[in-house]
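Since every read-out is calculated from the coordinates, none of them should be taken as a lab result. Values in this document were obtained by computation on a predicted structure and should not be read as measured data. Every residue, glycine as well, gets a Cβ built from its backbone with ideal geometry; the counts of neighbours run over all protein chains shown.
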Amino acid sequence: MIPENEQEWLNAAISRLTVKMEWVSEKSKHKIPYTTVNGTHDDRAAVNPSGAEADGINWWTNGFWGGMMWLMHHETGNEKYKAIAAISEEKLDRCFEEFYGLHHDVGFMWLPTSVANYRVTKNPASRKRALHAANLLAGRFNLAGGFIRAWNDLEEGDTRGWAIIDCMLNIPLLYWASEETGDPRFKQIAMKHADTAIDAFVRSDGSVNHIVEFDPEHGGVVRTYGGQGYEEDSSWTRGQAWGLYGFMMSYIHTQKDEYLQTAKRIAHYFIANMPENGIIPVDFRQPAERRLEDDTAAAIAACGLLEVAKAVGKHEQRLYADAAVKLLKAVDKRSDWSQASDGIIQYGSGAYHTPAHHHTIIYGDYYFMEAIFKLKGNDLYLW
Ligand code: GLY
């Protein structure tokens, strides 16, 4: 999939990744990082929660460090990465006891940790953890609306009817649970959620909403929200990337053509809005005078584009693969490959309206790594 003239860049990027991970993995082996503080990884597992809902061990990104370790183990065969991945996975057991802080993001947490471990080693304890998480996710399904509820009640109000596009990356946990147990219930819930998402989230131009509120008693869309993007009807780029890669994941597990076509529609919208330099804004519809950027969106979109490229015929695939290479080269160029930062990407953004922007975020590093190994043709598919 990589054009011949880009092979040298890809080899160099792989070498940068392996050199960096060799020392960062040792330095942060007992942490579950989310970001960096003065260049050093923080540790979400060490955050002392002030209440059961606090963003400590239950924080939604706590699976990505373990996932990076599994990708590195697959790439290098080095057993140390497997051992470090197990540290994260075991720490996450505390979430099942605390329970209250968990929501639909159990997919993000246990796919790259326990499901990855089980896929590679057949460890029965990992299978048990992943099935436990899948049951928690299935339990969030709203029958009247045909959607999986996203978050728990937020301070600002009632979220019983809220679903978010990001959930497309959580439902592969349900596909895995059906594949593993032979029980179709999990897959039925995942497909119902995906079918609802096509109608409720994906707009006619291929852009997607971040949050959709359904009537939790009777179903039906009540309204949409801008969520982590600029405003309602804007186009939060990480949300576009979640939609693009997420529908591809549903296609990979089910082969339902509508999911592939939906991913392609979102991909066409994304490619049409990509700036010439390949640097992705936080929102494709943000005000021109505020130039906020988000390399996490670029890395996630690159993963989705590469999966679309694999799924379509050889005449079609260049469009998607070339767009992915452009995104990854732009991210690579402004990442920190030195020992000054434990993080790789430096231009992540949590949300348009948060005060902090252009900082390290663990899932930016994770998806960049996944995309690079996909391009090489040697990724361990964790979703
Ligand atoms: N899933 C939340 C986010 O993308 O920030």
ask   = So how do 69-82, 367-380 stack up, highest first, on mean other-Cβ count within 10 Å?
value = 367-380, 69-82
message = Under the rule a/c < 1.5 gives rounded, and otherwise a/b versus b/c splits prolate from oblate, where does region 210-262 land using the Cα gyration tensor?
response = oblate
message = Starting from the 7 Å offset along Cα-to-Cβ, what nm value, one decimal, do you get for the label separation of Glu90 and Asp195?
response = 4.4 nm
inquiry  = When a/c reaches 1.5 or more, the comparison of a/b and b/c decides; with that in mind, is region 259-383 rounded, prolate or oblate per its Cα gyration tensor?
reply    = oblate
ask   = Taking one equal scatterer on every alpha-carbon of region 291-335, how large is log10 of I(q)/I(0) by Debye at q = 0.18, 0.22, 0.24, 0.27 1/Å?
value = -0.51, -0.68, -0.77, -0.88
task = Along Cα→Cβ, 7 Å out, is where each label goes; now give me the distance between the ones at Tyr225 and Tyr381 in nm to one decimal.
result = 3.4 nm
remark   = What helix-only [θ] at 222 nm does the chain give? Using -39500 (n - 2.57) per DSSP H run of at least 4, over all residues, to the nearest 500, the answer is -16000 deg cm²/dmol
note = Largest-first semi-axes in Å of the equivalent ellipsoid built from the Cα gyration tensor of region 31-168 are 26, 19, 13
task = Report the calculated FRET efficiency for Arg290 and Asp183 (r = Cβ-Cβ distance, R0 = 56 Å), to the nearest 0.05.
result = 0.70
request  = Based on alpha-carbon positions alone, could you give the equivalent ellipsoid semi-axes of the chain from the gyration tensor, as √(5λ), descending, whole Å?
outcome  = 27, 25, 21
Relative packing of peptides 319-330, 147-158, 209-220 - highest average C-beta neighbours within 10 Å first = 319-330, 209-220, 147-158
request  = Grab the beta carbon distance between Ala272 and Lys27, set R0 = 41 Å, and tell me the FRET efficiency rounded to 0.05.
outcome  = 0.50
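Taking all pairs of different Cα atoms in region 199-316, averaging 1/r and flipping that mean, what Kirkwood radius in angstroms comes out?
Value: 14.8 Å, from the Cα pair sum.
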request  = Could you list the square roots of 5 times each eigenvalue of the Cα gyration tensor of region 9-87, that is, the equivalent ellipsoid semi-axes, sorted largest first and rounded to whole Å?
outcome  = 26, 14, 10
ask   = By count of other Cβ within 10 Å, fewest leading, how are Ser15, Ser28 ordered?
value = Ser15, Ser28
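State whether region 117-213 is rounded, prolate or oblate according to the following rule on the C-alpha gyration tensor (a ≥ b ≥ c being the square roots of its eigenvalues): a/c under 1.5 gives rounded; otherwise a/b larger than b/c gives prolate, and the remaining case gives oblate.
prolate
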